[in-house]
Amino acid sequence: MAVLEVKNIEKHFGDTKVLNDISFSLERGSALAIIGSSGSGKTTLLRCLNFLEKPDGGEIFVNGEKIFDAGDTSKLSEKELRARRLHFGLVFQNFNLFPQYTALQNVTLAEELFKKEEEGYAAGNKEYRKAELKKVQQHGMELLEKMGLAERANHYPHQLSGGQQQRVAIARALALNPDILLFDEPTSALDPELTGEVLKVIRSLADQHTTMIIVTHEMAFARDVADSVIFMDGGYIIEQGPAKEVIENPKMERTKQFLSHYNE
Amino acid sequence: MQKFLEQWPTVFNALNIGFLQTLKLFAVTLIGALPLGLLICFGTMSKIKPVSMILKLVVWVVRGTPLMIQLLIIYYFPGLIFGTSIWGSGEAGRFTASAVAFVFNYACYFSEIYRGGIAAVPIGQREAGLVLGMTKKQIFGRITLLQMIKRIVPPISNEVITLVKDTSLARIIALQEIIWAGQSFLKGSHGIAGEIWPLFFTAIYYLLFTGVLTILLGKLEKKLEFFR
């Protein structure tokens, strides 16, 4: 069954339509790359999935459960909205790490807050709470180790390189075990030297069958790592299909035109 | 010199009592205005239009008129209208009126500084909190607040130093702060009259106090340098 199903998503800012009739689905354990020129709506699409933007039309299903329906005007409670958001983890283009927290604290902050909201935590004694928080710390360390950053755990973001910061951000997005990990041009703010280390991490996540959607300008990477590709232009999906097929043999004229810029 | 040494204990004692009143007004103003400023700041950013409009108007009026006039109006106006002062009589009444005027005036200045501080925190910080399932309250308390504080410490420090000296404006409604105490030896008090030096000497108190504050605020600024 598809872990994510997006049906006829629409979004406009004033009179400008930025997303038109966007529909696609994603299988558990697969990676989807979204490509297209700047302003084609890729980032807005990601932002609609976790409600940083509210779509004006369409429906979104995760694991068969409807998490968004534009036709339903009843207002969600903050609690419900938060719960639905957590289906997704998001890695930002400019990292957005919290500067006042160390790498490890960045990763553990949200999990710690959720832990403290649990009924069992509030009822538990001091030792129990300590042990629970220790578990959160350990989980954070495991994630940083996975990113090859264990020895940087106590560094503040400004003491880390861009590539390291982005890997911390990936660990942070993984901390709450989202169903789907979203990447919004994860390497666009990095110089080529640092791009490699971030792509390597994403590639290893794909190898471990992490379900993810990657908005990217790295065509070779999209071709090699993603299972499927969506090409967007002017707020429309122009072409979608298996990654290799779409990128090597695009059918639509507009896709060919776009991809030709990468072969020069 | 002989005269000075004779007058010194009396003057020193009187100035200390006056300075205590200055310190009290300073402390009460900060304790009241720092949180009230944050409330006004949230109010001016409120989505409820009438609330934000009225508060912006209030901030404009308070920042746009002299604190001395505000002191006079707050102290005397209720008396003119109701026929009786609402502040109570004597020094305690004058202090209450001064505190109200100062807290309100400084809260308006602080609210604008807070607003700038909040606006300077990148929107991505809030979004990062949202996608991690944090509540609005958690985002403000855990993410925005400290980043805002770091940005507002220098401008707030400026205001705090200004406040030390602004407390002397309360002299206009005869609050017995240090300027009043120094001036009393000009008119005649404690058997000393026609002496100007006690008034000049008050400057030393302000200078020492702002010196101490400058060092403390500098330390706070340093403390927040662990992140960027």
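The values are calculated or read from the model by the stated rules, or taken from the named source; none is laboratory data. Please read all numbers here as calculations on a predicted model, not as lab measurements. Because the Cβ atoms are built from the backbone with ideal geometry, glycine has one as well, and the counts that use them run over all protein chains shown. For accessibility, only protein heavy atoms count, side chains too; no ligands or nucleic acids. Shrake-Rupley method; radii C 1.70, N 1.55, O 1.52, S 1.80 Å.
Assorted remarks:
- Beta-bridge orientation, segment A:108-264: approximately 60 percent antiparallel, per DSSP, counting only bridges with both partners inside.
- Long-range amide H partners of A:Ile230 with built H, under 5 Å: A:Ala33, A:Ile34, A:Ile35
- Gaussian network model of chain B, springs between alpha carbon atoms under 10 Å - residue of B:Ala27, B:Ala92, B:Ala174 with greatest fluctuation: B:Ala92
- Computed from Cα atoms, the angle from the helix B:49-64 axis to the main principal axis of chain B rounds to 30 degrees.
- Farthest positive-ward along the protein assembly as shown dipole, Cα basis, beta-carbon charges - from B:Leu175, A:Phe114, A:Ala189: B:Leu175
- Angle in degrees between helix B:67-82 and the longest Cα principal axis of chain B, rounded to the nearest 10: 80
- Under a Gaussian network description of chain B, with springs only between Cα atoms under 10 Å, the residue in B:Leu39, B:Leu145, B:Leu80 that fluctuates furthest is B:Leu80.
- Shielding score for B:119-131, defined as the mean number of other chain Cβ atoms within 10 Å: 5
- Alpha carbon centroid spacing (whole Å) that separates segment A:159-173 from segment A:96-140: 19
- Counting only alpha carbon atoms, the long axis of helix B:178-187 and the longest principal axis of chain B meet at about 20°.
- Derived scalar couplings ³J(HN,Hα) [segment B:23-31; Karplus, 6.51 cos²θ - 1.76 cosθ + 1.60; whole Hz; x for Gly, Pro]: 4, 4, 5, 4, 5, 4, 4, 5, 4
- For chain A: span of alpha carbons on each principal axis (Å, largest first): 64, 48, 35
- Over all directions, the projected convex hull of the C-alpha atoms in segment B:20-76 averages 4.6 nm² in area.
- Ordered by 1.4 Å accessible area with all protein chains kept, A:Asp15, A:Asp224, A:Asp179 run largest first as A:Asp15, A:Asp224, A:Asp179.
- Peptide A:91-102, shielding by other chains (average Cβ, 10 Å cutoff): 5
- Along each principal axis, Cα extent of the protein assembly as shown, largest first, Å: 102, 55, 51
- Solvent exposure of chain A amounts to 46 Å² per residue of accessible area, where only protein heavy atoms count and the probe is 1.4 Å.
- Amide H contacts for A:Gly29 (H built 1.01 Å from N in the peptide plane; partners 5 or more residues away or on another chain; cut-off under 5 Å): A:Thr211.
- Centre-to-centre, using Cα atoms only, segment B:121-167 and segment B:182-219 are separated by 35 Å.
- The reciprocal of the average 1/r between distinct C-alpha atoms defines the Kirkwood hydrodynamic radius, which for segment B:119-228 equals 17.5 Å.
- Computed in the context of the full set of protein chains, the accessible area of the protein assembly as shown at 1.4 Å probe radius has 59% of its extent on carbon or sulfur.
- Shielding by partners for peptide A:49-57, expressed as the average number of C-beta atoms from other protein chains within 10 Å of each residue's C-beta, is 1.
- Distribution of pairwise C-alpha distances over chain B, 5 Å bins, in %: 1, 6, 11, 14, 15, 14, 12, 9, 7, 5, 3, 2, 1, 0, 0, 0
- B:Val61 accessible area, assembled protein chains, probe 1.4 Å, Å²: 70
- Rounded to the nearest whole Hz, the Karplus-based 3J(HN,Hα) values (6.51 cos²θ - 1.76 cosθ + 1.60, θ = phi - 60°) of segment A:177-182 follow the sequence 6, x, 5, 9, 9, 9, with x at glycine and proline.
- Taking amide hydrogens as placed 1.01 Å from N in the peptide plane, the amide H of A:Phe68 sits under 5 Å from those of A:Ile60, each at least 5 positions away in sequence or on another chain.
- Sequence of B:Met1, A:Met252 from largest to smallest accessible area, 1.4 Å probe: B:Met1, A:Met252
- Summed residue charge, Cβ within 10 Å of A:Val201's Cβ, Lys/Arg positive, Asp/Glu negative: +3
- The packing ranking of peptides A:44-56, A:192-204, highest mean first, is A:44-56, A:192-204, where packing means the average number of other beta carbon atoms within 10 angstrom of each residue.
- Given A:Lys79/A:Lys116; A:Lys54/B:Lys136; A:Lys17/B:Lys137; A:Lys7/A:Lys75; A:Lys146/B:Lys222, the pairs whose alpha carbons are separated by over 24 Å: A:Lys17/B:Lys137; A:Lys146/B:Lys222
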